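> Sharing a structure below in structure tokens format, with a few things to ask.
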Amino acid sequence: MSKKAIIIGSGLAGLASAIRLANKGIETHIFEANSYPGGKINSKTIDGYRFDQGPSILTCPEYIEELYTLCGKDFNDFETVEQATAFNYFYEDGTQLELTKDSEQVIREISEKLGEHPEQVRKHLQKAKKNYQLIAPLFIEKSLHRWWTLFGKQLAQALLHLPSYKLFSTMQKENQGFFTNPRTVQLFNRFAQYNGSHPYRAPAMLNMISHLEINEGPTLPKNGSIQITDSLVQLAKEQGVIFHFNESVEEILLENKTVKGIKTKEGDYFADYIVSNMDVILTYKQLLKNTKQPKRTLQQEKSSSVIVYHLGIKKEFPKLNVHNMLFSDNDEAEFDAVFDQKEIHESPSLYLYISSKINATDSPVGCENWFVLLNAPINEGQDWKQIVADKKKYVLQKLSDLVGEDITPLVEVEDHLDPLQIEQRYNIEQGSIYGNASNSRFSAFYRHPNFSKEIKGLYFASGSAHPGGGMPLALNSAKIACDCLFSDYSL
Ligand SMILES: Cc1cc2nc3c(=O)[nH]c(=O)nc-3n(C[C@H](O)[C@H](O)[C@H](O)COP(=O)(O)OP(=O)(O)OC[C@H]3O[C@@H](n4cnc5c(N)ncnc54)[C@H](O)[C@@H]3O)c2cc1C
């Protein structure tokens with residue numbers, strides 16, 4: 001008789017886990033609390049303007065390709081769009097950088113506009129690439145909690161380069177050592193945002209993230225980020241995965257410290273294996289109330305959250321690219337505000353994404369759909385209604401200054417997403433979008449493993465489990481969880 005698996009949640013790692021399990025011939029069911037799949041990767045259309053609700057920067061598309069290959073499908077079906085410019089950076093003093101996917105152009109642009117020695121920029125980018133290539137196969141693609149899986153040539157090579165990881169330094173300190181202009185330091189510190197961390201505290205090793213955006217460049221799905229959800233749902237269905245929407249899981253049923261099934265309002269469902277794609281902390285708090293909690297893992301500092309403004313603008317601005325970053329002058333104070341004061345700095349940096357530059361049908365003709373993101377603290381009961389209203393004035397002013405025209409009368413449609421909504425909509429502890437923060441050099445080791453040490457048959461695949469948040473890591477979380485399951489049950 002075929003074995004049965006239940007996945008709790010249809011977020012990215014939930015979908016990827018379902019594809020992998022169904023592909024092994026396991027009868028796989030996904031239970032999703034919402035009426036739609038994809039978790040944070042969903043989309044909303046208002047009066048002809050389509051807004052991606054969650055991620056907009058896709059790196060490492062090869063982890064999606066892996067799923068296509070596994071299912072015997074051609075990854076060319078996942079249509080992407082090439083853009084000459086990868087990212088526009090705008091500074092408070094009027095400096096502008098236009099970075100393409102060509103590393104030599106990037107080196108020239110940074111040295112000409114920010115006065116850095118080209119060799120220093122090249123050295124930094126090469127180091128990021130080398131560290132990424134040495135570290136990713138170990139820290140991102142393998143379980144740190146089944147340490148024997150790490151042994152081999154890759155570990156030996158990674159250990160040989162130990163001094164270059166600057167284990168006792170921070171991202172900011174290492175960047176400051178490399179560059180002369182604080183603007184360049186700010187540019188490279190920004191990559192802490194990729195996992196919701198503080199660049200003045202996060203380990204220097206995380207500087208390797210710049211490799212993904214600067215050396216490799218973001219990938220642009222033709223239909224925006226929702227294409228990721230749509231295509232994985234399609235793969236999952238083709239593999240025979242069965243979806244149950246609007247069915248929140250209320251309890252994981254156990255017998256002799258082994259999973260037996262789940263309880264929902266509709267009844268009990270039985271399974272041999274369970275993969276929780278739900279936030280790890282809430283899996284314990286809500287579904288495993290009588291189980292011993294892994295305290296140290298669950299008490300770690302959380303990553304930051306965001307406020308996103310969705311603005312339908314009835315005009316086009318050719319000066320803007322798909323991805324634009326508008327820096328303010330105070331990066332340390334901005335991150336201190338988020339992590340220490342649990343508030344947003346009075347003049348934070350903004351990230352602006354326009355998906356109608358990729359797909360014209362994402363907005364009415366002659367218009368643009370703007371997604372404007374600010375780093376925000378996790379939800380601790382702040383008055384988000386007030387904060388969202390206050391920051392909106394700042395956002396409109398900063399964007400108007402950028403385009404040299406008052407954009408307020410051009411806003412035809414508007415909506416927003418705040419940390420409380422993120423917490424409630426996706427059932428995420430305090431609305432932190434990347435699970436635990438990476439502000440300590442031990443963070444990677446304190447993330448929850450992809451399996452339960454206490455309960456047989458229970459696995460964890462999500463941005464809140466190892467190796468962490470962000471799409472590439474969540475996809476690996478699913479891969480590691482499934483590999484552990486396959487190895488435990490000799491499948
Ligand atoms: C605004 C925003 C911007 C982002 N930008 C980027 C970016 O540019 N690049 C990037 O790589 N990443 C980005 N991220 C992070 C990225 O979206 C996540 O890391 C990724 O989507 C992984 O999600 P996940 O697999 O952990 O699942 P989630 O998206 O967290 O989904 C979990 C699912 O579980 C469901 N669920 C919860 N509890 C239950 C229950 N009891 N029963 C049934 N179902 C339940 C939820 O409804 C949800 O659908 C961003 C996130 C946000 C919010």
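The values are calculated or read from the model by the stated rules, or taken from the named source; none is laboratory data. Everything numeric here is computed off the predicted structure, so don't read it as measured data. Every residue, glycine among them, receives a Cβ derived from its backbone with ideal geometry; neighbour counts consider all protein chains shown.
> Please specify each residue of region 287-325 satisfying the condition of being within 11 Å of the ligand (Cβ to nearest atom) and more than 24 Å from the chain's Cα centre (by Cα).
Matches in region 287-325: LEU287 only.
> To continue, here is another question. Restricting the search to region 145-193, which residues are of a type in the set (Ser, Thr, Tyr) and part of a helix (DSSP H, G or I)?
Answer for region 145-193, where residues must be of a type in the set (Ser, Thr, Tyr) and part of a helix (DSSP H, G or I): THR149, SER164, TYR165, THR184.
> Of all residues in region 20-31, how many are near the ligand (Cβ under 9 Å from one of its atoms) and part of a helix (DSSP H, G or I)?
Of the residues in that region, 0 qualify.
> Are any of the residues in region 415-429 over 20 Å from the mean Cα position of the chain (by Cα), within 16 Å of the ligand (Cβ to nearest atom) and either touching a residue at least 12 places away in the same chain (Cβ under 8 Å) or under 26 Å from GLY11 (Cβ atoms) (or both)?
The answer is yes; a qualifying residue exists.
> Search region 153-165 for residues that are in the same structural domain as ASN207 (by TED's automatic domain parsing) and pair each with any residue that is of a type in the set (Val, Ile, Thr) when their beta-carbon atoms are under 8 Å apart and the residues are at least 6 apart or on different chains.
Within 8 Å, the pairs are ALA158/ILE135; TYR165/ILE135.
> Would you mind stating whether SER197 is surrounded by fewer than 22 Cβ atoms within 10 Å (Cβ to Cβ), touching a residue at least 12 places away in the same chain (Cβ under 8 Å) and among the small types (Gly, Ala, Ser)?
Here the answer is no, as SER197 does not meet what is asked.
> Inspect all residues belonging to region 222-238 and state whether any of them is within 17 Å of the chain's Cα centre (by Cα), away from the ligand (no atom under 11 Å from the Cβ), buried (at least 20 other Cβ atoms within 10 Å of the Cβ) and among the aliphatic types (A, V, I, L, M).
Taking every residue of region 222-238 in turn, at least one turns out to be within 17 Å of the chain's Cα centre (by Cα), away from the ligand (no atom under 11 Å from the Cβ), buried (at least 20 other Cβ atoms within 10 Å of the Cβ) and among the aliphatic types (A, V, I, L, M).
> While we're on this one: Of all residues in region 47-94, how many are of a type in the set (Gly, Ala, Ser) and either in the same structural domain as ALA22 (by TED's automatic domain parsing) or under 22 Å from the mean Cα position of the chain (by Cα) (or both)?
Here the count works out to 4.
> Just one of GLU255, GLU216, GLU251 is among the acidic types (Asp, Glu) and within 30 Å of GLU104 (Cβ to Cβ); which is it?
GLU216
> Out of the residues in region 1-19 that are within 11 Å of the ligand (Cβ to nearest atom) and not in a helix (DSSP H, G or I), which is farthest from the chain's Cα centre (by Cα)?
That would be ILE6.
> I'd like to know if region 268-280 contains one or more residues that are over 28 Å from GLU343 (Cβ atoms) and surrounded by fewer than 17 Cβ atoms within 10 Å (Cβ to Cβ).
There is at least one residue in region 268-280 that is over 28 Å from GLU343 (Cβ atoms) and surrounded by fewer than 17 Cβ atoms within 10 Å (Cβ to Cβ).
Every residue, every condition in (1) surrounded by fewer than 21 Cβ atoms within 10 Å (Cβ to Cβ); (2) modelled with pLDDT of 95 or more, yes or no:
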site: GLY39; (1), (2): no, yes
site: ASN42; (1), (2): yes, yes
site: PRO55; (1), (2): yes, yes
site: THR59; (1), (2): yes, yes
site: GLU65; (1), (2): yes, yes
site: CYS71; (1), (2): yes, yes
site: THR80; (1), (2): yes, yes
site: LYS101; (1), (2): yes, no
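> Of everything in region 397-415, what is surrounded by 19 or more Cβ atoms within 10 Å (Cβ to Cβ) and within 22 Å of ARG50 (Cβ to Cβ)? Give them in sequence order.
LEU399, ILE407, LEU410, VAL413
> Counting residues that are among the small types (Gly, Ala, Ser), which strands (runs of 3 or more DSSP E) fully inside region 295-368 reach at least 2?
In region 295-368, 305-313 are the strands (runs of 3 or more DSSP E) which contain 2 or more residues that are among the small types (Gly, Ala, Ser).
> May I pose another question? Being more than 14 Å from the ligand (Cβ to nearest atom) and surrounded by fewer than 16 Cβ atoms within 10 Å (Cβ to Cβ) is the filter; apply it to region 243-259 and report the residue that is nearest to LEU67 (Cα to Cα).
THR258
> Still on this structure: When you check LYS453 against the structure, is it away from the ligand (no atom under 16 Å from the Cβ) and in a loop (DSSP other than H, G, I, E, B), yes or no?
yes
> Determine whether region 32-46 contains at least one residue that is within 15 Å of the ligand (Cβ to nearest atom), more than 23 Å from the chain's Cα centre (by Cα) and either among the polar types (S, T, N, Q) or under 19 Å from PHE243 (Cβ atoms) (or both).
The answer is no; no qualifying residue exists.
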